[in-house]
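Everything below concerns the one structure shown next.
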Amino acid sequence: MLIRYFGAARAAAGTAEETLDGAGATVEDILAIIGDRYAGTQSPSMEQVLRRSSFLLNEVALRDRGRVLAEQDVLDVLPPFAGG
């Protein structure tokens, strides 16, 4: 699956996007993997960014972090943005 990072999430990951083998995992599982992968690499940490972020799954707002993912899914990590 493709993970795309925006704003502070991009800074914490050090990349705009990456691919993960997420088939059969839940969104919460993937967020835990991402949080662990980038733990302590930036300030704010990826874990802090993920706690405040909203998410799009295949360009649709995601509310259920228990949703099971497929290999072709695209998950966007959208931290809060300042300004208009």
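The values are calculated or read from the model by the stated rules, or taken from the named source; none is laboratory data. Nothing here was measured: the structure is a model prediction, and the numbers come from that model. A quick note on method: Cβ atoms are made from the backbone with ideal geometry, for glycine too, and the neighbour counts reach across all protein chains shown. Surface areas here come from the heavy atoms of the whole protein model, side chains and all, with no ligands, DNA or RNA. Shrake-Rupley method; radii C 1.70, N 1.55, O 1.52, S 1.80 Å.
Among the residues of segment 39-65, just one is in contact with a helix residue (DSSP H, G or I) (Cβ under 6 Å, 6 or more places away or on another chain) and over 15 Å from F6 (Cα atoms), namely R65. Under the condition of being open to solvent by 70 Å² or more (accessible area, probe 1.4 Å) and either more than 19 Å from L57 (Cα to Cα) or among the acidic types (D, E) (or both), the residues counted in segment 15-39 number 6.
In the set (1) surrounded by fewer than 12 Cβ atoms within 10 Å (Cβ to Cβ); (2) touching an Asp or Glu at 6+ places or on another chain (Cβ under 9 Å), the condition left unmet by F55 is number (1). Go through segment 65-84 residue by residue and tally those that are open to solvent by 70 Å² or more (accessible area, probe 1.4 Å) and touching a Leu at 6+ places or on another chain (Cβ under 9 Å). The number of residues fulfilling the criteria is 3. Scanning segment 28-60 for residues that are within 13 Å of the chain's Cα centre (by Cα) and of a type in the set (A, V, I, L, M, F, W, C) yields I30, L31, A32, I33, I34, M46, V49, L50, F55, L56, L57.
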